[in-house]
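S.K.: Pasting a structure below so you can have a look.
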Amino acid sequence: MTGVTRRHGLLAATAAMAAPAGGVWSQARPNRLQLWDNATGVHLRGAVIAQRRVYPEIDGPEFLGRGSVGAPVSDASLARLARLGANLVVLSHPGLAGEAPPFAIDPAIEQHLHAIIRRCARQGLYVVIGFRTGPGRSEFTFHRDQAGSWFPADHINERVWQSCEAQDGWEAMWAHTARHFRHYSNLAGYLLMVEPNANLAARGPDGDDLDIWDADRLAEAVAGTPADWPSLCGRLSRAVRAVDPETPILVSPDGYANLAFAGLIDRHAVSGQVLAVHDYSPRDYTHQGAGADIEFNPSLAEFDQPMSGPWMLGEFGVSRWAPGAAGYLARRIAAAEAQGAAWSVFRWDSGWRVYENAENRFNPLYGGDAGARQPDPQSALLDTLSRAWSSNAARPVPFLRR
């Protein structure tokens with residue numbers, strides 16, 4: 001999700017599982033791809049937890065915490081999510097490798113990812129590892145329209161769409177990740193890149209942003225160049241599969257995971273791929289500012305599902321103060337459920353009140369009052385989500401070691 005928050009905003013063994021239609025889950029560790037089988041119904045329902053690298057010179061000592069990654073996520077917040085019925089967390093997380101050469105693995109970022117996966121496991125939550133950033137791609141690509149306001153414009157790094165060296169770094173980063181994280185019993189998938197945006201951020205022939213929103217035109221413009229995300233996506237998929245033959249690989253289309261570009265992705269590059277699309281339509285409604293009072297128009301909110309699975313609705317959400325916001329979420333969930341698609345709402349509360357009390361547009365805990373600066377125990381949004389999450393039956397075996 002891009003360009004919607006104020007300053008410092010953030011955009012994302014065995015298993016006991018319910019029996020799918022026409023079959024029974026194995027009590028040995030199942031094929032993880034079963035969790036994404038649209039034909040047997042929805043097995044994963046949850047939320048996105050979005051974190052980024054902390055920049056002390058921008059964030060100060062408290063806003064996102066004192067660690068390398070923020071905002072800090074509390075055990076109480078994870079426990080609450082599980083208690084409400086969710087069984088999936090999409091970790092929209094900084095990549096393990098540095099954004100500038102030599103693109104080395106950052107031990108602090110890697111340690112953080114290990115820790116939060118284990119903490120999710122102890123709460124009975126599956127996880128998807130998704131990388132927002134990595135070699136030649138910084139967090140600020142998601143906030144490019146705010147450059148020069150709360151962060152310096154030179155913090156935007158989008159060189160991955162011009163640099164073969166940076167793309168080599170992504171390949172090495174994903175091979176390292178698969179090698180060191182494949183053993184987690186609650187790992188449900190790898191999301192190769194959160195919201196690829198070569199269609200916008202790559203350089204065009206005139207040196208300006210490419211800014212192409214037509215799939216055929218984009219394919220022609222980027223063919224044979226580093227801006228060809230489908231080509232890079234296939235390369236990263238093969239790097240993961242060479243190390244980990246089992247874990248599903250979630251692939252998002254260009255255009256910030258826009259379904260309109262899904263046809264450019266080679267769904268058969270490797271086995272076990274899952275299409276992950278994001279949808280916030282109608283955007284004028286879902287991203288409205290406080291006081292806009294744009295009404296929910298169901299006729300403009302239909303979601304065109306992919307023609308074939310497996311696929312998931314990896315992000316959707318709404319400004320919590322939008323009129324009819326709870327009904328909008330219910331309708332979007334129903335569309336995914338009707339197609340047997342896993343889903344994760346943007347976004348779940350971190351528990352770090354310094355951040356959440358200031359940045360909570362998409363946080364369902366804060367209810368419908370635009371001026372809320374603390375969670376609302378009567379949030380209709382949370383009631384809607386909890387009712388949907390309560391359909392979950394699949395759970396990983398709890399991880400008890402600390």
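S.K.: Could you check the stretch 235-251 and list, in sequence order, the residues that are buried (at least 19 other Cβ atoms within 10 Å of the Cβ) and of a type outside the set (D, E, K, R)?
M.R.: Matches in the stretch 235-251: LEU236, SER237, ALA239, VAL240, THR247, PRO248, ILE249, LEU250, VAL251.
S.K.: Scanning for something under 17 Å from the mean Cα position of the chain (by Cα) and crowded, with 19+ Cβ neighbours inside 10 Å, does the stretch 158-175 turn up at least one residue? Can you show your working first?
M.R.: Step one: filter the stretch 158-175 for residues under 17 Å from the mean Cα position of the chain (by Cα), giving 174.
Still in the list and also crowded, with 19+ Cβ neighbours inside 10 Å: 174.
Yes, because at least one residue in the stretch 158-175 is under 17 Å from the mean Cα position of the chain (by Cα) and crowded, with 19+ Cβ neighbours inside 10 Å.
S.K.: Taking only the stretch 133-149 into account, find how many residues are surrounded by 16 or more Cβ atoms within 10 Å (Cβ to Cβ) and not in a strand (DSSP E or B).
M.R.: Filtering the stretch 133-149 down to residues surrounded by 16 or more Cβ atoms within 10 Å (Cβ to Cβ) leaves 133-144, 146.
Now narrow it down to the ones that are not in a strand (DSSP E or B): 133, 135-136, 138-144, 146.
The qualifying residues number 11.
S.K.: List the residue pairs whose Cβ atoms are under 7 Å apart, where the first residue sits in the stretch 116-140 and is at positive phi, the second is assigned to a strand (DSSP E or B) and surrounded by fewer than 23 Cβ atoms within 10 Å (Cβ to Cβ), and the two are 6 or more positions apart or on different chains.
M.R.: Filtered contacts from the stretch 116-140: GLY124/ARG395.
S.K.: Please determine, by comparing only the residues of the stretch 114-132 that are crowded, with 23+ Cβ neighbours inside 10 Å and within 25 Å of LEU236 (Cα to Cα), which one is nearest to the chain's Cα centre (by Cα).
M.R.: Restricting to residues being crowded, with 23+ Cβ neighbours inside 10 Å and within 25 Å of LEU236 (Cα to Cα), the top hit is GLY130.
S.K.: OK, next. Test VAL354 against the stated conditions and say whether it is modelled with pLDDT of 95 or more and not in a helix (DSSP H, G or I).
M.R.: Details: modelled with pLDDT of 95 or more: yes; not in a helix (DSSP H, G or I): no.
Here the answer is no, as VAL354 does not meet what is asked.
S.K.: Same structure again: For the subset of the stretch 23-49 comprising residues that are farther than 24 Å from LEU365 by Cα, outside any loop (DSSP other than H, G, I, E, B) and not aliphatic (A, V, I, L, M), which member is modelled with the lowest pLDDT?
M.R.: That would be ARG32.
S.K.: Run GLY70 past the list (1) in contact with a Leu (Cβ under 7 Å, 6 or more places away or on another chain); (2) surrounded by fewer than 22 Cβ atoms within 10 Å (Cβ to Cβ); (3) of a type outside the set (Val, Ile, Thr) and report the number of the one that doesn't hold.
M.R.: (2)
S.K.: Okay, moving on. Of all residues being of a type outside the set (A, V, I, L, M) and under 18 Å from the mean Cα position of the chain (by Cα) in the stretch 252-270, which is surrounded by the fewest Cβ atoms within 10 Å (Cβ to Cβ)? Just the residue, please. If you could, list the steps in order and put the result at the bottom.
M.R.: Kept after step one, since they are of a type outside the set (A, V, I, L, M), are these residues of the stretch 252-270: 252-256, 258, 261, 263, 266-268.
From what is left, the residues that are under 18 Å from the mean Cα position of the chain (by Cα) are 252-256, 258, 261.
Numbers: SER252: 29, PRO253: 26, ASP254: 30, GLY255: 25, TYR256: 21, ASN258: 19, PHE261: 25.
Selected residue: ASN258.
S.K.: Do we have PRO205 as surrounded by fewer than 22 Cβ atoms within 10 Å (Cβ to Cβ) and either modelled with pLDDT under 95 or β-branched (Val, Ile, Thr) (or both) here?
M.R.: Working: surrounded by fewer than 22 Cβ atoms within 10 Å (Cβ to Cβ): yes; either modelled with pLDDT under 95 or β-branched (Val, Ile, Thr) (or both): yes.
So PRO205 fits the description; yes.
S.K.: Can you tell me how many residues in the stretch 341-374 are over 19 Å from GLY289 (Cα atoms) and surrounded by fewer than 22 Cβ atoms within 10 Å (Cβ to Cβ)?
M.R.: Of the residues in that region, 4 qualify.
S.K.: Would the stretch 294-306 turn up any residue that is among the hydroxyl-bearing types (Ser, Thr, Tyr) and within 21 Å of the chain's Cα centre (by Cα)? Steps first, please.
M.R.: Residues of the stretch 294-306 that are among the hydroxyl-bearing types (Ser, Thr, Tyr), as a first pass: 299.
Narrowing the set further to residues that are within 21 Å of the chain's Cα centre (by Cα) leaves none.
Scanning the stretch 294-306, I find no residue that is among the hydroxyl-bearing types (Ser, Thr, Tyr) and within 21 Å of the chain's Cα centre (by Cα), so the answer is no.
S.K.: If you scan the stretch 236-256, which residues turn out to be assigned to a helix (DSSP H, G or I), closer than 24 Å to ASP214 by Cβ and in contact with a helix residue (DSSP H, G or I) (Cβ under 6 Å, 6 or more places away or on another chain)?
M.R.: Quick first cut of the stretch 236-256, residues assigned to a helix (DSSP H, G or I) only: 236-243, 254-256.
Now restrict to residues that are closer than 24 Å to ASP214 by Cβ: 254-256.
Hits for the stretch 236-256 are ASP254, GLY255.
S.K.: As an exercise: evaluate VAL318 against (1) in contact with a Lys or Arg (Cβ under 7 Å, 6 or more places away or on another chain); (2) at pLDDT 95 or above; (3) under 22 Å from ASP383 (Cα atoms); (4) not basic (Lys, Arg) and give the number of the one condition it does not meet.
M.R.: Result: VAL318 passes all but (1).
The values are calculated or read from the model by the stated rules, or taken from the named source; none is laboratory data. Predicted model only: the values in this text are computed from it and were never measured. All Cβ positions, glycine included, derive from the backbone under ideal geometry; neighbour counts span all protein chains shown.
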